[in-house]
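The values are calculated or read from the model by the stated rules, or taken from the named source; none is laboratory data. The shown structure was predicted, so the numbers you read here are calculated from the model rather than taken from an experiment. Glycine also receives a Cβ, built like all others from the backbone with ideal geometry; neighbour counts cover every protein chain displayed. All accessible areas refer to the heavy atoms of the entire protein, side chains included, with ligands and DNA or RNA removed. Shrake-Rupley method; radii C 1.70, N 1.55, O 1.52, S 1.80 Å.
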Amino acid sequence: RPADPVSASYILMGILSYRYYGDVAVLKSHYGNYVKWVEYLQSRCENGLLTFSYYGDWVLPQIYESEVADNVFVSSIFLYWQYKLMAEAAKILGFSQDISRFEKRAEELKKRINAKYYDFSEKDYRSSVQGMLALALGIGIVPEEDREAVFEKLVRNINAHGNHSVCGNQSYRHMFYELCENGRTDLALDILRNKDYPGWGYMLECGATTLWERWEREIKTEMNSFDHPMFTGFDAIFYRYLGGIRINDEACACNAVTLSPEFSCGLNFVHCSLDTVRGEIRCDWERKNGTIDVKIKIPPTVTAKINFGKYKCREDISGQYGCGEYCFTVEDKVETKA
């Protein structure tokens, strides 16, 4: 079987090894093969789009299989993502010529994808296919001026499906990230807790103690595993958004972080910690009589920025924070402009 074009994990491993552990050895030893990989994918393009595909956006709920994302779209947008990752890897390694080369390829591919799949007048991808909207927003090919409109299309699609994800295993992660990035962490949690088929809450209702390979409780195919990691990627939003612990893209071994919890998620408290090579980063918060108490812990050699979004903090949170433990009191209401 051919390798699937969506295998961005190969390049991601090198970049994340550097970002989370400060280990540049993976990038150095594999960079040449990264180049060969994306060059191979480039060789399988026709009219600028990657027509080579295998799984695509794999395993939608059976009742929504007709709403699957177009395979050429999925392969092409993942190639775009991998070009962006290659530019990031080249920047870390100091290969300046490769940075511009891969950024240029990414920009050209973005234009070709949008020329075929994006309706500029309707601000939509192929009649609001949920997976395509999520990938376009999450991987970043939506025209900047249209992002809000396309995001609203995604929310309406989710609502129209009874607050269910009908994405496959490549696009659902981007759906969750985009909901949280745009202040709809509440909707992301509603999707997870939804007890009706299909979804994670439905699995729990059926007595699941591990995640299934498919959304269906019973299916007469070769795919019938009930202990499968495929749909576990939602858990990152607990750390990044509910707890607000965000390792910056430019970080080396978690030395630069942003602490920005999403208070609008509908929860009353969150206790969140992340063990890093530099020590524990912690962000705990709890609602109390009209305010939100926030406690933050930053380990040595880490620089942090603190951002509570539209919620007003009684203390000055401008500037950067270093090693230490900090307490803040936040007004439990969204600030509105006069």
### Query
Along the Cα-to-Cβ line of Glu122, 7 Å from the Cα, sits a label point; which residues in the range 143-172 have backbone N less than 14 Å from it?
150, 153-154, 157
### Query
Roughly speaking, what is the centre-to-centre gap between the range 297-335 and the range 176-227 when only Cα atoms are used, to the nearest Å?
33 Å
### In Å², nearest 10: area of Thr291 left accessible to a 1.4 Å probe
20 Å²
### Task
Taking H placed 1.01 Å from N in the peptide plane, check which residues at least 5 places from Ile306 or on another chain put their amide H under 5 Å from its amide H.
Leu259
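Tally Lys/Arg at +1 and Asp/Glu at -1 over every other residue whose Cβ is under 14 Å from the Cβ of Lys36; what's the total? If you can, show how the numbers build up before the last one.
Values: positive: Arg44; negative: Glu39, Asp98.
Local charge sum for Lys36: -1.
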### Query
Using modelled amide H (1.01 Å from N, peptide plane; none on Pro or chain starts), what sits under 5 Å from the amide H of Ala256, excluding residues fewer than 5 places away?
Asn248, Thr303
### Task
Filter the chymotrypsin sites (Phe, Trp or Tyr not before Pro) in the range 111-173 to those in DSSP coil with at most 11 other Cβ atoms within 10 Å of their Cβ, and list the result.
Phe120
### Query
In straight Cα distance, which aspartates and glutamates are under 16 Å from Lys28, not counting same-chain residues fewer than 8 positions off?
Glu88, Asp98
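Count the net charge of all other residues whose Cβ sits under 10 Å from the Cβ of Lys333, scoring Lys and Arg as +1 and Asp and Glu as -1.
Net charge in that neighbourhood comes out at -1.
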### Query
If you roll a 1.4 Å probe over the chain with all protein chains in place, what percent of the accessible area is carbon or sulfur?
47 percent
### Query
What net charge do the residues around Arg126 carry, taking every other residue with its C-beta under 10 Å from that of Arg126, with Lys and Arg at +1 and Asp and Glu at -1?
-3
#### Entry: the range 229-324: trypsin sites (Lys or Arg not before Pro) falling in loop per DSSP and having at most 12 other Cβ within 10 Å
Lys310, Arg314
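If I require 27 Å or longer along the helix axis, counting alpha carbons, and a Kyte-Doolittle average no lower than 0.5, what helices from the chain are left? Use full DSSP H segments. Don't jump to the answer; show the numbers that get you there.
Numbers: long enough: 25-43 (28 Å, -0.33); 71-93 (32 Å, 0.80); 96-117 (32 Å, -1.54).
In the chain, the long hydrophobic H runs are 71-93.
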#### Entry: Accessible area (Å², 1.4 Å probe, nearest 10) - His174
10 Å²
### Task
For the range 134-161 and the range 48-82, compute the distance between their C-alpha centroids and round to whole Å.
17 Å
